[in-house]
1. With each label point set 7 Å from Cα along the Cα-Cβ vector, what nm distance links ASP73 and ASN108?
2. Please work out the average accessible area per residue across segment 22-70, using the 1.4 Å probe convention, and give it in Å².
3. Work out from phi, with θ = phi - 60° and the Karplus expression 6.51 cos²θ - 1.76 cosθ + 1.60, the ³J(HN,Hα) of each residue of segment 72-88, listed in order in whole Hz, and give x for Gly and Pro.
4. Among residues other than MET34 whose Cβ falls under 14 Å from its Cβ, what is the net charge (Lys/Arg +1, Asp/Glu -1)?
5. Where does each of 135-144, 41-50 land if you order them by average Cβ count within 10 Å, highest first?
Amino acid sequence: MIRQVLKVFKALNSNEEPWQLSLGLAFGGIIGLMSLWTPHNIVLLFLAFIIHLNFALLLIGFFFFSGIAYILDPLFHQIGLAVLTADGMQSFWNGFFSNPLFLFDKLNNTLVMGSLIFSLISAVPLFFVINFLIRKYREHLKDLFEKAPLFKSLKLAKAFDTFSGGGSLKFYGKPAKMNFQSGKNEVFDSFTLN
């Protein structure tokens, strides 16, 4: 749990642009609201890697919105049913689903169609709201959080976890030589991790 909280703060305090963070969360929301192994989700993951979005926030968005998706399934069904059974759209859907590629995408399912429409429509305001909140956080709250005792203790807990062997500090079996500096530019003795 501590690692996930630190990953969020690390992402918020990183040099990444706010649009990268908010688009990662929006992509995670789209993927989380829809069925997982559909071709349009694979395309979104591919785009996320090409655009270089923040993958930690994409995963947070995916897990958060996956939990919400089960609650919203009746709404998704109603949206999908309304779209797929609309009177003026029957000839379009007949031609659309006669192509096997679109049948492979499972868009003829009311839940998949409804969740796709809902997630695409809700991703746009989610992107702008998260982008606005990240900018305001960086302007007003970033320094306050970095000075807070709780945030400092989380950083110390992460450092302890790393140095006690529970962290991810490994250099393929070779010991890592570390130098530490305090805030006053004092260098402490080096030591070797096993």
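1. Taking the simple label geometry, ASP73 and ASN108 are separated by 2.2 nm.
2. 48 Å²
3. With the stated coefficients, segment 72-88 comes to 8, 3, x, 5, 4, 4, 5, 5, x, 5, 5, 6, 6, 10, 4, 4, x Hz.
4. Around MET34, the charge tally is -1.
5. Put in order of decreasing packing, that is 41-50, 135-144.
The values are calculated or read from the model by the stated rules, or taken from the named source; none is laboratory data. Source: prediction; values computed, not measured. With ideal geometry, Cβ positions are generated from the backbone for all residues, glycine too; neighbour counts draw on all protein chains shown. Ligands, DNA and RNA are excluded from the accessible area calculation, which covers all protein heavy atoms including side chains. Shrake-Rupley method; radii C 1.70, N 1.55, O 1.52, S 1.80 Å.
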